[in-house]
Amino acid sequence: QVQLVESGGGLVQPGGSLRLSCAASGIVFSIYAMGWYRQAPGKQRELVARIGSGGSTDYADSVKGRFTISRDNAKNTVYLQMNSVKPEDTAVYYCNGINGRRDYWGQGTQVTVSS
């Protein structure tokens, strides 16, 4: 059974930092491209960042220079370090793993940026 379990969400003040984690099980993690997506109320789900199986990364323009995606294949975990957060970063953040036609999602974790 494949599971992607996000953690680390919560309430953070503008300008603060937060680190999200996504622990995967039931897949050969190292061969999967992993990504973080987010969905704000009333908006479509959008890509935040992704990391390939070889470690290449890609970011949405809105988070470049503030967010960093990384992976630890020994721990089957992908991370999203969020720095200098803004109120517009408020959303449910979802972890995604994809390899060919295999496409899996976590249940999401809420991130709220507010003073």
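The values are calculated or read from the model by the stated rules, or taken from the named source; none is laboratory data. Since we're looking at a predicted model, the values are computed, not measured. Here the Cβ is made from the backbone with ideal geometry for all residues, glycine too, and neighbour counts use every protein chain on show. Quick note on the areas: whole protein, heavy atoms, side chains included, nothing else; ligands and nucleic acids left out. Shrake-Rupley method; radii C 1.70, N 1.55, O 1.52, S 1.80 Å.
Which of the lysines could a cross-linker bridge to Lys75, judged by Cα under 19 Å and excluding same-chain residues fewer than eight apart?
none
Which of Val85, Val28, Val63 moves the most in a Gaussian network model of the chain with Cα springs under 10 Å?
Val28
Please give the per residue accessible area of the stretch 24-75, computed with a probe of 1.4 Å over protein heavy atoms only, in Å². Numbers along the way, then the final one.
Values: 2850 Å² over 52 residues.
Solvent-accessible surface per residue comes out at 55 Å².
Considering only DSSP states other than H, G, I, E and B, which trypsin sites (Lys or Arg not before Pro) in the stretch 24-115 qualify as loop sites with at most 13 other Cβ atoms within 10 Å? Provide the component values of the computation, followed by the final result.
Working: sites: Arg38, Lys43, Arg45, Arg50, Lys64, Arg66, Arg71, Lys75, Arg101, Arg102; in loops: Lys43, Arg45, Lys64, Arg66, Lys75, Arg101.
The qualifying sites are Lys43, Lys64, Lys75, Arg101.
Cut-off under 24 Å on the C-alpha distance; same-chain residues fewer than 8 positions from Lys86 excluded. Which lysines are left, in chain and number order?
List returned: Lys43, Lys64.
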